[in-house]
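Some notes on the structure that comes next.
The values are calculated or read from the model by the stated rules, or taken from the named source; none is laboratory data. Note that this is a predicted model, so its numbers are computed, not measured. With ideal geometry, Cβ positions are generated from the backbone for all residues, glycine too; neighbour counts draw on all protein chains shown. In case anyone asks, the SASA skips ligands and DNA or RNA and just uses the protein heavy atoms, side chains included. Shrake-Rupley method; radii C 1.70, N 1.55, O 1.52, S 1.80 Å.
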Amino acid sequence: MSAPTLKIENLKLGFKTHAGVIEVLHGISLHIRKGEKVALVGESGSGKSVTARIVLGMLQSLKTARISGSVSFEGANLERMSARGRHALRGTKMSMIFQDPTSSLNPVYTIGTLFKEVLMRNDPAITQEQVYRKACEALADVAISEPERVLDSYSFQLSGGMNQRVMIAMALVNNPSLLLADEPGTALDVTVQAQTLKLMSELVEKHNTSVLFISHNLGVVREFADRVYVIYKGNIVEQGQTGELFENPLHPYTRALLSAVPRITGGGIPDIAEDPSEFLAPRVAHAGYSEEELLA
Ligand SMILES: Nc1ncnc2c1ncn2[C@@H]1O[C@H](COP(=O)(O)OP(=O)(O)OP(=O)(O)O)[C@@H](O)[C@H]1O
Ligand SMILES: [Mg+2]
């Protein structure tokens, strides 16, 4: 069997501060097989984005970061790679989509120029004509009907939903093996977010791209991911196939996360006249557990 696309083993991260080193990741392990869509879920500050940033090689050069453990991408250990080697992977074999497309697309350049930059990372000798053709194809893949106009536009001239589609197109144009999607589209309204996630899902399926999908939204995770890791305060507390984990969550923190998901039908937004303990109790069920129990 071939090496997994991503393998993280016993990854620890601390940040040096005036008050000493603050430990953020306490030895997490996870893997993503070829073509697998894996979600990392957990509350704010649990260590999801820093994990993605280490995979992208973006924290290794930070003077305050203390990193140990190993991260392998397609069998090659990233820690043994030079900073230049890791840099070369970004935007080519590994790419990313962030929460807010408008602030992630440099407003100084047209979308066409940004596409050129991304495509040249993969092939410095690419011609202007090839850039144009590939960019148009990628935009057509994300259902943008007027690629010429979009290529001549700046991100601030496009809608949030269009920018999100552009970001997905750009992230996939070099046909990466791994896509890291950190809360994609949560800055958009829910309908647009759902549409763009569906598009992303279809495209990664078509190209057999492995995905690390970071999200708070368990409803979306259930739709999108094959497998889920639950992270709590820098520890992976549970992992499993999506269906099984949602049906039968074993860890109290996972149960608490699941019970905090607003239901679309029935009891979504509590009636203001209701006794608060009635609707709060199931949502904050974890409040009844001790720290030891949650981290056991
Ligand atoms: N450069 C940094 N220096 C110091 N601390 C940092 C740095 N980056 C992240 N942290 C800390 O690491 C912890 C994990 O942050 P991270 O961004 O991974 O959270 P997250 O799970 O992605 O949360 P969210 O859901 O809010 O995006 C937080 O306590 C954060 O304050
Ligand atoms: Mg984050």
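Let's see how each residue does on (1) within 12 Å of ligand 1 (Cβ to nearest atom); (2) loosely packed, with under 15 Cβ neighbours inside 10 Å:
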| site | (1), (2) |
| --- | --- |
| Lys34 | no, no |
| Val38 | no, no |
| Ala65 | yes, no |
| Asn77 | no, yes |
| Arg86 | no, no |
Residue pairs meeting the criteria (Cβ under 7 Å; at least 6 apart or on separate chains; first within 11 Å of ligand 2 (Cβ to nearest atom) and in a loop (DSSP other than H, G, I, E, B), in segment 40-58; second open to solvent by less than 20 Å² (accessible area, probe 1.4 Å) and of a type outside the set (Phe, Trp, Tyr)): Gly42/Lys48; Gly42/Val230; Gly42/Ile231; Ser46/Ile231; Ser46/Gly234; Gly47/Leu25; Gly47/Ile231; Gly47/Gly234
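Quick check on my filter: what residues within segment 151-165 are of a type in the set (Gly, Ala, Ser) and under 25 Å from the mean Cα position of the chain (by Cα)?
Ser155, Ser159, Gly160, Gly161
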In segment 47-61, residue farthest from ligand 1 (Cβ to nearest atom) [restricted to those that are touching a helix residue (DSSP H, G or I) at 6+ places or on another chain (Cβ under 9 Å) and open to solvent by 60 Å² or more (accessible area, probe 1.4 Å)]: Ser61
Residues being open to solvent by 70 Å² or more (accessible area, probe 1.4 Å) and in contact (Cβ under 8 Å) with a residue 60 or more places away in the chain - total across segment 95-135: 2
Any hit, segment 81-88, residues being closer than 30 Å to His26 by Cα and part of a loop (DSSP other than H, G, I, E, B): yes
Which listed residue, of Ala138, Ala143, is closer than 26 Å to Asp189 by Cα, crowded, with 17+ Cβ neighbours inside 10 Å and out of contact with any His (no Cβ under 9 Å at 6 or more places or on another chain): Ala138
Subset of segment 89-103 that is among the hydroxyl-bearing types (Ser, Thr, Tyr) and within 15 Å of Glu117 (Cα to Cα) - its residue that is nearest to ligand 2 (Cβ to nearest atom): Ser95
Selection count where residues are in contact (Cβ under 8 Å) with a residue 40 or more places away in the chain, under 22 Å from Lys134 (Cα atoms) and not aliphatic (A, V, I, L, M), scope segment 175-195: 2
Odd one out for Met96, checked against (1) within 28 Å of Asn217 (Cα to Cα); (2) in a loop (DSSP other than H, G, I, E, B): (2)
Some residue of segment 12-23 being without any contact (Cβ under 8 Å) to a residue 24 or more places away in the chain and either surrounded by 15 or more Cβ atoms within 10 Å (Cβ to Cβ) or small (Gly, Ala, Ser) (or both): yes
